[in-house]
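The values are calculated or read from the model by the stated rules, or taken from the named source; none is laboratory data. Just so it is clear, the model here is predicted, and its values are computed rather than measured. Using ideal geometry, Cβ is built from the backbone for each residue, glycine included, and neighbour counts are taken over all protein chains shown. Ligands, DNA and RNA are stripped out before the accessible areas are found, and what is left, the full protein with its side chains, is counted by its heavy atoms. Shrake-Rupley method; radii C 1.70, N 1.55, O 1.52, S 1.80 Å.
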Amino acid sequence: MDKYKTAAPAVVPRHVAIIMDGNNRWAKKRLLPGIAGHKAGVDAVRAVIEVCLEAGVEVLTLFAFSSENWQRPAAEVSALMELFLAALRREAKRLGENGVCLRIIGDRSRFSSELQAAMREAELQTAGQTGLLLQVAANYGGQWDIAQAAQRLAREVQAGHLQPDDITPQLLQSCLSTGDQPLPDLCIRTGGDHRISNFLLWQLAYAELYFTDQYWPDFKQDAMRQALADFASRQRRFGKTSEQVEAEART
């Protein structure tokens, strides 16, 4: 991944989450099969990783396959699984060489044993890298994530290790699939829709939202830098007034 000389924005999000939308529409516009859009989207993933490394982003979480995506036509789902498997096998070495640590989040139980093994192998191959944590959300849903965290805490209460009053928002957050990572500062959605589609529901409570009409395969280096620059221009208040935030910045 080539480095660019463009200066990083003064304020860089620690954690960027992206809903990669528009692959099918990108392909349809070009009279191509839908899977061609998903294949083209892999180049956009590489471009965004490059910019995140360049800017100093710590965590990048990509929404690759939602728990609702199983409802798509069987042929498309099958092609997506094959593409996911091939990408894991092909990209793991490249990621490791560029300092990227890969983690898959979501419910893996529905994937084939071959794909689950490839996930584990790719994670092991990139373990220990510290340049960027790349989290790929596969068979993931925000409601599932909150439910599995609640189930985990319920088992602790049932075992007598916790009391119900011990369960705080902070404790529940720590049990989410991203619980050991900073919360997303910026959520980007490509493709023109303005919703978060069951992605990181808890984690995005105070994230800045950035929507673009660009389809995911067209979202390359310049588009990512523009999103980061837009984030840097915003004032994040977290319930405070502008005057309070500005006073704190001066101290």
Among the residues of segment 130-179, count how many are over 18 Å from Arg108 (Cβ atoms) and of a type outside the set (A, V, I, L, M, F, W, C). 16
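Give me the residue from segment 211-251 that is touching a Gly at 6+ places or on another chain (Cβ under 9 Å) and touching a residue at least 60 places away in the same chain (Cβ under 8 Å) and, out of that set, farthest from Ser197 (Cα to Cα).
This residue is Asp218.
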Could you tell me whether any residue of segment 70-79 is closer than 17 Å to Thr190 by Cβ, open to solvent by less than 70 Å² (accessible area, probe 1.4 Å) and touching a residue at least 40 places away in the same chain (Cβ under 8 Å)? no
How many residues are surrounded by fewer than 17 Cβ atoms within 10 Å (Cβ to Cβ), among the hydroxyl-bearing types (Ser, Thr, Tyr) and in a strand (DSSP E or B) if we restrict to segment 179-225? 0
Would a scan of segment 157-170 turn up a residue that is open to solvent by less than 30 Å² (accessible area, probe 1.4 Å), of a type outside the set (Asp, Glu) and at pLDDT 95 or above? no
With the requirement that a residue be within 11 Å of the chain's Cα centre (by Cα) and not aliphatic (A, V, I, L, M), what does segment 40-68 give you? Thr61, Phe63, Phe65
State whether one or more residues within segment 35-48 are among the hydrophobic types (A, V, I, L, M, F, W, C), within 17 Å of Gly96 (Cα to Cα) and open to solvent by less than 20 Å² (accessible area, probe 1.4 Å). yes
Could you tell me whether any residue of segment 9-21 is farther than 26 Å from Gln129 by Cβ, buried (at least 17 other Cβ atoms within 10 Å of the Cβ) and either out of contact with any helix residue (DSSP H, G or I) (no Cβ under 9 Å at 6 or more places or on another chain) or at pLDDT 95 or above (or both)? yes
Run Val245 past the list (1) within 18 Å of Val136 (Cβ to Cβ); (2) assigned to a helix (DSSP H, G or I); (3) of a type in the set (Val, Ile, Thr) and report the number of the one that doesn't hold. (1)
Got at least one residue in segment 100-116 being open to solvent by 10 Å² or more (accessible area, probe 1.4 Å) and touching a Gly at 6+ places or on another chain (Cβ under 6 Å)? no
Asp230 meets each of (1) open to solvent by less than 40 Å² (accessible area, probe 1.4 Å); (2) part of a helix (DSSP H, G or I); (3) within 19 Å of Pro13 (Cβ to Cβ); (4) not small (Gly, Ala, Ser) with one exception, condition (1)
Would you pick out the residues in segment 126-149 that are surrounded by 13 or more Cβ atoms within 10 Å (Cβ to Cβ) and either out of contact with any strand residue (DSSP E or B) (no Cβ under 8 Å at 6 or more places or on another chain) or acidic (Asp, Glu) (or both)? Gly142, Trp144, Asp145, Ile146, Gln148, Ala149
